[in-house]
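Visitor: Shown below is the structure under consideration.
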Amino acid sequence: MKRGLLLMLMVLGGLSAPSVSVAAVPETGSKKVYVLPIREDIMPPLTYLVRRGVKEAMEAKADVLVIDMETNGGRVDVTEEIIGIIGKFPGQTVTFVNKKAFSAGAFISFATKKIYMAPQSVIGAAAPVMASPTGGAQEIGGTMELKASSAISALVRANAEKNGHNPAVADAMVKKTSELKLDNQVINEKGQILTLTDQEAARNYGTPARPLLSAGTVENLEALLKQLELSAAQVKRVEPSGVERLGTWINTIAPILLIIGIAGIYIEFKTPGFGLPGIVGVTAFAIYFFGGYIAGLTGLEWVAVFIVGLALLALELFFFPGTLVLGLTGFSLIFLSLVMALVDRYPGAPTLPTLPQLQLPLNQLALAGIGSIVAILLLSRWLPKTALYPALVSQGVSGAQTQQTIADQQQKRLGQIGVTVSLLRPGGKAQFGDDILDVVSEGNLIEKGCKVRVVGSSGHVAVVEAA
């Protein structure tokens with residue numbers, strides 16, 4: 001196998017990404033609390049932070065997950081994904097509305113078992129809006145508004161019922177057509193969207209009396225933990241790594257990265273030396289895995305599986321051609337690693353992924369496979385005719401030869417007699433003078449120690465026949 005390619009594989013194996021940083025207090029209690037901040041608009045980068053934070057809390061077997069909320073809202077599709085992620089946490093979930101939980105922030109709050117609010121904080125105003133062409137947001141009108149409000153209201157009500165909150169409150173925060181009336185008191189008039197202050201949300205209604213929404217008003221997180229009788233717990237605060245937005249962009253172009261990676265490695269295997277195609281291919285795969293790591297999907301173990309697979313494939317091509325076992329095993333490991341790099345798995349989940357989990361990576365791989373075939377066909381016809389080709393296939397300062405030099409050597413070897421140093425089935429190795437070369441027979445099995453004659457070449461492998 002080419003040494004340059006091995007070096008690049010080692011670089012890929014050293015791939016790392018910023019981990020979720022946490023700040024911990026001394027371990028003075030037996031219970032563990034993870035604090036997950038939502039302090040920005042609900043957009044795709046936040047999904048990565050939430051996913052990694054929840055997985056880390058699950059791995060640590062945390063007892064309580066606290067959502068430290070301060071947001072103006074955001075996209076509904078991202079909100080649904082975040083709600084699903086939070087729902088996988090098996091312990092107690094609590095939202096602390098630090099200042100405001102508007103729109104999507106209110107949706108997420110209903111997905112936790114308890115809601116607490118800071119003084120002068122507010123929650124609500126969850127009616128759906130759409131992005132304005134000039135920026136900002138604008139109201140949805142007519143039938144579209146009714147459909148959007150109905151769908152979102154059902155989602156929020158389902159989470160409210162699941163976690164013991166009043167679904168009528170959730171409904172009034174989303175739909176203008178809902179009037180909220182408790183104890184003969186109109187809390188929200190029809191035609192209005194419900195928004196609650198901390199005092200209004202904590203007010204008791206009904207028989208037996210229970211809070212409208214908030215379990216209480218607390219000054220800060222420390223007071224919240226005291227209220228939950230968790231003052232002595234181990235507290236870890238998940239902090240953004242600063243690369244979530246980069247991860248969003250990387251995962252958007254994942255199929256393109258796969259196409260570049262496959263095409264680059266293919267060209268590298270088909271050309272002598274180690275050059276730009278191999279560097280570009282390995283870099284594309286490294287960025288692909290890096291994106292999955294940032295998103296909280298893949299671990300570095302799948303990078304190792306990819307490297308092993310690529311190494312086995314190279315052994316099949318360069319050292320043991322025709323064995324098939326190495327090549328098939330290597331290809332299977334590469335395919336498995338690329339799929340699992342985008343499978344969203346959680347601690348304690350079954351070993352085998354489900355079909356919904358496989359849908360995204362399989363779709364992307366299918367798209368990348370078709371794109372790679374097209375790219376390779378185009379490059380194989382166009383690239384050798386360009387002035388760029390000699391630079392791409394030349395090795396660097398190691399003194400290796402250009403394509404023309406190799407072609408001249410192959411011509412000079414025609415008719416040379418050598419001895420096989422391994423069984424040819426049909427690929428193997430033979431010695432010609434002081435040189436041991438990769439050779440392949442014309443389909444016949446040739447035993448070790450037999451004389452062979454060079455009759456041609458296939459790529460960079462000499463074609464031989466029994467002499």
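Visitor: Out of segment 70-112, which residues are of a type outside the set (Gly, Ala, Ser), farther than 17 Å from ALA170 by Cα and under 24 Å from the mean Cα position of the chain (by Cα)?
Guide: ARG75, ASP77, VAL78, GLU81, ILE82, ILE85, ILE86, LYS88, PHE89, PRO90
Visitor: Let me ask something else. Could we say that ILE67 is assigned to a strand (DSSP E or B) and either closer than 15 Å to HIS165 by Cβ or touching a helix residue (DSSP H, G or I) at 6+ places or on another chain (Cβ under 9 Å) (or both) here?
Guide: yes
Visitor: Another question, if that's okay. When segment 432-452 is examined, which residues are found to be surrounded by fewer than 15 Cβ atoms within 10 Å (Cβ to Cβ) and at pLDDT 80 or above?
Guide: GLY433, ASP434, ASP435, ILE436, LEU445, GLU447, LYS448, GLY449, LYS451
This table checks each residue for (1) outside the structural domain of GLU268 (by TED's automatic domain parsing); (2) under 26 Å from PHE290 (Cα atoms); (3) modelled with pLDDT under 75; (4) outside any helix (DSSP H, G or I).
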position	(1), (2), (3), (4)
PHE331	no, yes, no, no
LEU342	no, yes, yes, yes
GLY348	no, yes, yes, yes
GLN357	no, yes, yes, no
ILE370	no, yes, no, no
GLN411	yes, no, no, no
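Visitor: In segment 237-252, is there at least one residue being at pLDDT below 85 and farther than 26 Å from GLU40 by Cβ?
Guide: Within segment 237-252 (the criterion being at pLDDT below 85 and farther than 26 Å from GLU40 by Cβ), the answer is no, since none of the residues qualifies.
Visitor: For segment 228-235, does any single residue satisfy the condition of being aliphatic (A, V, I, L, M), assigned by TED's automatic domain parsing to the domain that holds GLN92, in contact with a Pro (Cβ under 6 Å, 6 or more places away or on another chain) and not in a strand (DSSP E or B)?
Guide: Within segment 228-235 (the criterion being aliphatic (A, V, I, L, M), assigned by TED's automatic domain parsing to the domain that holds GLN92, in contact with a Pro (Cβ under 6 Å, 6 or more places away or on another chain) and not in a strand (DSSP E or B)), the answer is no, since none of the residues qualifies.
Visitor: Out of curiosity, is PRO18 modelled with pLDDT of 85 or more, of a type outside the set (A, V, I, L, M, F, W, C) and part of a loop (DSSP other than H, G, I, E, B)?
Guide: For PRO18, the condition - modelled with pLDDT of 85 or more, of a type outside the set (A, V, I, L, M, F, W, C) and part of a loop (DSSP other than H, G, I, E, B) - is not met.
Visitor: If a residue counts only when it is touching a helix residue (DSSP H, G or I) at 6+ places or on another chain (Cβ under 6 Å) and at pLDDT below 85, which helices (runs of 4 or more DSSP H) contained entirely in segment 96-192 have at least 3 such residues?
Guide: The helices (runs of 4 or more DSSP H) meeting that bar are 142-162.
Visitor: Inspect segment 196-218 for any residue being part of a helix (DSSP H, G or I) and free of Cβ contacts under 8 Å to residues at least 24 places away in the same chain and give the result as yes or no.
Guide: yes
Visitor: Answer with yes or no whether THR323 is in contact with a Pro (Cβ under 8 Å, 6 or more places away or on another chain) and at pLDDT below 80.
Guide: no
The values are calculated or read from the model by the stated rules, or taken from the named source; none is laboratory data. Just so we're clear, the structure is a prediction, and the values are computed from it rather than from any experiment. Every residue, glycine among them, receives a Cβ derived from its backbone with ideal geometry; neighbour counts consider all protein chains shown.
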